[in-house]
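Each reported figure results from applying straightforward, stated rules to the coordinates on display, with no laboratory input. Keep in mind that what you see is a predicted model, and the values were worked out from it rather than measured. No Cβ is skipped: glycine too gets one built from the backbone with ideal geometry, and neighbour counts run over all protein chains shown.
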Amino acid sequence: MTDSVPTASAPPTSSTVRVSDRFVAYVHQLCASKQTRAALRRGLGLPVQRCNYMHRYLVPWLRDHDDPHHGDVRRAYYAVASLIAARPRSARDTTPSQDASVSWYERPNLGASLGQAVAKGVLKENTAESALHLMARQSSDAIHPGLPALTRQLLAGGITVDWAVLLEDLTWWNRSRDRIATRWLESYFRTATHTTDPAPITTAAEENDR
């Protein structure tokens, strides 16, 4: 017996609701089915070409709502759908927020989530900063495989991940990496509570002057 695609309620028609928010709501509805959630979870960290069990759920969405032919767009949608499906049990009861009164740039991006994790002791400061600086130098192909472990650690620690913001950031990463990475870093440093002063960075020239 095959698992049919759960019937999603009609998405909001208001122009204030972003397509990314509508997609996140759609995936949450899909995950109400244990079998569908398992199918989506099988795509964790994988390129689209290896996500055969996800196509039946995501191809129709991309056809009707976004550009299904752009590789970065498809990869971002598949990645976020699998990350939502792989949420630990403690995080499954959270519902996506679509508060149009909050500016898009005021919503927490991945940098803000990492900052919150440091402030609450979920992650060590040097671990979070190292992860951010590493991602800032990488293409999206290098970032995707590490997202499952990172987001699971955040969620297990009670840190919220705004999936819609992550979806759009991943979609544009290869085309606007510096801009997005800067926003992540700025959000991180505005959010994290630093208990110690960071060690100063010493250049070779400064070392020779000592």
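Per the Debye calculation on the stretch 76-191 with a single equal scatterer at every Cα and no solvent contribution, log₁₀ I(q)/I(0) for q = 0.09, 0.11, 0.14, 0.20 Å⁻¹ amounts to -0.21, -0.32, -0.53, -1.18.
Given the Cα-Cα distance of Ala149 and Thr193 and 0.36 nm per residue of separation, how much length would full extension add, in nm? Working shown, then result.
Numbers: separation 44, 0.36 × 44 = 15.84 nm, distance 2.27 nm.
13.6 nm is the gain from fully extending Ala149 to Thr193.
With the cut-off at 1.5 for a/c, could you classify the stretch 111-166 from its C-alpha gyration tensor as rounded, prolate or oblate? Oblate is the answer for the stretch 111-166, as a/c is 1.5 or above yet b/c matches or exceeds a/b. Our coupling estimate for the stretch 170-187, obtained by passing each phi through the Karplus curve with A = 6.51, B = -1.76, C = 1.60 and θ = phi - 60°, is 5, 4, 9, 3, 5, 9, 9, 4, 4, 5, 5, 4, 4, 5, 4, 5, 4, 5 Hz, Gly and Pro reported as x. You can think of it this way: the chain between Ala119 and Trp104 has 3.1 nm of extra reach, that is 0.36 nm per residue less the Cα-Cα gap. Note on Arg63 and Arg175: their simple-model spin labels are 2.4 nm apart, each label 7 Å out from Cα toward Cβ.
Along the Cα-to-Cβ line of Arg42, 7 Å from the Cα, sits a label point; which residues in the stretch 68-82 have backbone N less than 12 Å from it? None, by backbone N distance to the label point.
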